[in-house]
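K.L.:
Submitted below is the structure of interest, expressed as structure tokens.
The values are calculated or read from the model by the stated rules, or taken from the named source; none is laboratory data. Values in this document were obtained by computation on a predicted structure and should not be read as measured data. Heads up, the Cβs are rebuilt from the backbone with ideal geometry, glycines too, and the neighbour counts pull from every protein chain shown. The protein model used for the area step is the full one, side chains on, heavy atoms only, and it has no ligands, DNA or RNA in it. Shrake-Rupley method; radii C 1.70, N 1.55, O 1.52, S 1.80 Å.
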Amino acid sequence: LGCDGDGVPEPDTEGNALQLRSVELSDPSVTRALGATQLTKIGVYVTDNAHAALSKNAKSVYELANGTWSSTTPPDITVTNTSTPNRLYAFAPSDLSVTNSSVGNHSVPVQVVADNFNASQQVDYLRATPLAATAASRAVTFTMNHALAKVSFRVSKSANVQETLTLTKIELLSSTSRLQMGSSDTMNLSTGTLNGLASTNSIALEGSTVLSTLQKDPNVSSLVAPMSAAETRLSFRLTVNVTEADGNVTPVLLKRRL
């Protein structure tokens with residue numbers, strides 16, 4: 001999901017357009033899922049120093065092509081006073097609409113649903129550490145941060161088990177209901193905080209993966225919202241289909257506690 005590297009071309013500095021040198025991840029080792037691809041498109045939102053949206057191209061989309069980030073509708077950065085620079089925010093996915101806040105708590109809509117085993121059902125929301133820009137300093141690098149947490153499991157079977165075991169569900173269980181989900185929520189572009197989520201005591205992650213006895217790497221990865229507080233009684237319930245030699249399939253529930 002990273003998209004920075006050596007030899008990145010310097011952006012064109014003509015005019016007053018905001019220039020994007022590169023986009024980096026705060027932790028390049030944390031990707032949305034196994035086999036994640038590069039981040040090649042982000043949304044950018046620009047306000048004046050008092051948090052009012054620019055009158056033109058306040059929200060634009062920057063895209064990576066041939067090693068260079070560019071936008072067809074870049075915002076103009078014309079302020080010259082370094083004590084009152086424009087404020088810059090970036091986010092992904094790039095097509096999210098921005099709600100302006102007069103105190104700087106600008107936000108975009110998000111939905112947090114039960115994910116699947118390869119983190120492809122839940123949208124991966126990112127936002128950048130806010131930046132400042134003036135007419136004399138218009139070329140910037142955004143550092144993106146993940147709003148959701150990636151939870152990975154390494155599930156294997158005992159060498160003594162001869163039957164074929166297929167994992168079909170993992171349920172996250174919180175006895176204090178500190179798990180969170182929601183369909184009409186927001187992400188703060190300044191802090192990355194997710195607002196409006198509803199507390200729940202369980203989240204069911206579904207998929208299908210055949211278990212092996214030699215499982216060194218995670219075979220389930222999913223995205224979830226950060227918990228509302230530290231959880232001391234988190235447990236997991238696994239649903240496994242057991243396929244006998246004669247082809248009969250029996251679902252089995254297994255429960256584990258941290």
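K.L.:
Going through the stretch 37-64 one residue at a time, which ones are open to solvent by less than 50 Å² (accessible area, probe 1.4 Å) and among the hydroxyl-bearing types (Ser, Thr, Tyr)?
P.N.:
Matches in the stretch 37-64: 45, 47, 60, 62.
K.L.:
Scan 169, 150 and give me the residue that is modelled with pLDDT of 95 or more and either touching an Asp or Glu at 6+ places or on another chain (Cβ under 9 Å) or not β-branched (Val, Ile, Thr) (or both).
P.N.:
So the residue among 169, 150 that is modelled with pLDDT of 95 or more and either touching an Asp or Glu at 6+ places or on another chain (Cβ under 9 Å) or not β-branched (Val, Ile, Thr) (or both) is 169.
K.L.:
If you don't mind, there's one more thing I want to ask. Residue by residue through the stretch 119-133, note down the ones that are surrounded by fewer than 17 Cβ atoms within 10 Å (Cβ to Cβ) and not in a loop (DSSP other than H, G, I, E, B).
P.N.:
Across the stretch 119-133, the qualifying residue is only 132.
K.L.:
Let me ask something additional. Residues of the stretch 96-118 being of a type in the set (A, V, I, L, M, F, W, C) and not in a loop (DSSP other than H, G, I, E, B), which ones?
P.N.:
If the condition is that a residue be of a type in the set (A, V, I, L, M, F, W, C) and not in a loop (DSSP other than H, G, I, E, B), then 108, 110, 112 are the ones that fit.
K.L.:
Do any strands (runs of 3 or more DSSP E) entirely within the stretch 153-258 hold 3 or more residues that are among the aliphatic types (A, V, I, L, M) and crowded, with 16+ Cβ neighbours inside 10 Å, and if so, which?
P.N.:
164-174, 179-188, 220-224, 234-243
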